[in-house]
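Structure first, commentary second.
The values are calculated or read from the model by the stated rules, or taken from the named source; none is laboratory data. Only a predicted model underlies this, so the values are computations on that prediction, with no experimental measurement involved. We place every Cβ from the backbone using ideal geometry, glycine too, and count neighbours over all the protein chains shown.
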Amino acid sequence: MKRRIRLLVDMGPLRSGEFRRLWAAGIVTALGAQLTAVVVPLQIYEFSGSSAFVGLAGLVGLAPMAAAALWGGALADVRDRRRVLLTTTVGIGVTSLLLWAQAWAELRSIGVLLVLVGIQQALFGANSTVSRAVTPRLVPPELLPAANALQSVVLLSAGIAGPLLAGFLLPVVGSRTLYLADAVAVCATVWAVWRLPDLPPVCGGEPRRASMTRQITDGVRFVTRHQILLTVYLCDFTALSLGLPTALLPQLAAETFRPSDIGVLYAAVSAGGVLAGLFSGTFTRVRRHGVAVAVSVGGWGMAIAGFGLARSLASAVAWLLVAGGALLALGVFRKTVLQTAVPDGMRGRLQGIDTVVAVGGPRLGDLLHGTVGAALGVTWTVTGGGALTVVAALALLLLRPALRKHRVTLT
């Protein structure tokens, strides 16, 4: 019986009341956020009749999110993290209310929508950065992998359930109600953050007097001086840029499978991540986190290469499920390394840089896969990208001793 239990997700972090409240509230808030994520592109397309404007909405949110992530990370290292998290969470809720207001007023303005999307994405970038810097203050170091797995399961599950719920509710209640539901859902996290204890910086007063630009620059310098941190960022960026063929899924669905299979292909990676999260007890107790990062990247690349060669929907989904599990493991170990290998006074800035990498990698991946796919074809591009990801993982593991030697610090 003990052995079976160890295979399942480690619920140990939920013994912390503060983490448990944040995690439970995150389930509600993540579902609400997915409602808005579905409604916004639908409204933009309804107003413009053009998919180009829908794509523009994604681009509009990119730069504000990246900038706010760096700024929020720097702020989290010199201010009370509870207050920063509370401010950004309330800001996300207020933006959802403004989205509801524009729908209620029937403004039908693409410009207003794009501005609100940019603001909300900026707030989300800062909020997610600060949230990851808060987690190590709520659970002991040995439970950080399990805590990260629990949080990832919530986000991935919401990514599957949220669009399905939105699709069911939209024709019944309309877009205005979904925006309002998102704003109400944010209140759960506001309550959970309000219940947190004060989380002041543990460093001295000198960094507080430095400018935000200096704070961010110091964070970048810290990364370049520590091989394990730089290598972990390289691993993640490699996996997301070379091995994430999202831009080619519509073409694959049309040419290899059926156009109606596109939803299954999009959901399969998230489903694989959820399954891996539910059985994360199999790997969250691993202590050689550097090797675990490289193995996760290699497993992701191998699964994507297999997906590129698949000729039936069943085999394609099977490979994507494996890929999703590897991607969740990569996220768990990457976050844990960045949370444990740095002093608390630098965690916010490191998480800010991590957010930029996590956002920038898929965007570059879309560009690379779209460009190369048009020249070489879908199969060569997807399989080749997966193979290159495996090669990169092996190269980083062999050439970067810090990655091979890094173990979790339990004190």
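Can you say whether Thr284 is under 30 Å from Arg79 (Cα atoms), out of contact with any Gly (no Cβ under 6 Å at 6 or more places or on another chain) and not charged (D, E, K, R), as far as the supplied structure shows? Before the answer, list the steps.
Working: under 30 Å from Arg79 (Cα atoms): no; out of contact with any Gly (no Cβ under 6 Å at 6 or more places or on another chain): yes; not charged (D, E, K, R): yes.
Judged against the criteria, Thr284 is not a match.
Checked across region 103-111, the condition of being touching a residue at least 60 places away in the same chain (Cβ under 8 Å) and β-branched (Val, Ile, Thr) holds for at least one residue.
Of the residues contained in region 79-94, one or more are found to be within 25 Å of Gly360 (Cβ to Cβ), touching a Gly at 6+ places or on another chain (Cβ under 8 Å) and without any contact (Cβ under 8 Å) to a residue 60 or more places away in the chain.
Is region 84-95 home to any residue that is outside any helix (DSSP H, G or I) and either at negative phi or of a type in the set (Ser, Thr, Tyr) (or both)? I'd like the intermediate steps shown before the answer.
Taking region 84-95 and keeping what is outside any helix (DSSP H, G or I), we get none.
Within region 84-95 (the criterion being outside any helix (DSSP H, G or I) and either at negative phi or of a type in the set (Ser, Thr, Tyr) (or both)), the answer is no, since none of the residues qualifies.
The rows are residues; the columns are (1) farther than 20 Å from Ala392 by Cβ; (2) among the basic types (Lys, Arg); (3) surrounded by fewer than 23 Cβ atoms within 10 Å (Cβ to Cβ).
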residue: Arg288; (1), (2), (3): no, yes, yes
residue: Val293; (1), (2), (3): no, no, no
residue: Trp300; (1), (2), (3): no, no, no
residue: Ser312; (1), (2), (3): yes, no, yes
residue: Ala318; (1), (2), (3): yes, no, yes
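Residues of region 250-266 that are touching a residue at least 40 places away in the same chain (Cβ under 8 Å) and assigned to a helix (DSSP H, G or I): Gln251, Leu252, Glu255, Asp261, Val264, Leu265. Scan region 269-287 and tell me whether some residue there is without any contact (Cβ under 8 Å) to a residue 60 or more places away in the chain, among the polar types (S, T, N, Q) and not in a loop (DSSP other than H, G, I, E, B). Among the residues of region 269-287, not one is without any contact (Cβ under 8 Å) to a residue 60 or more places away in the chain, among the polar types (S, T, N, Q) and not in a loop (DSSP other than H, G, I, E, B), which makes the answer no. Criterion applied to Ser175, Ser152, Ser128 was being hydroxyl-bearing (Ser, Thr, Tyr) and outside the structural domain of Glu46 (by TED's automatic domain parsing), and the one residue passing it is Ser152.
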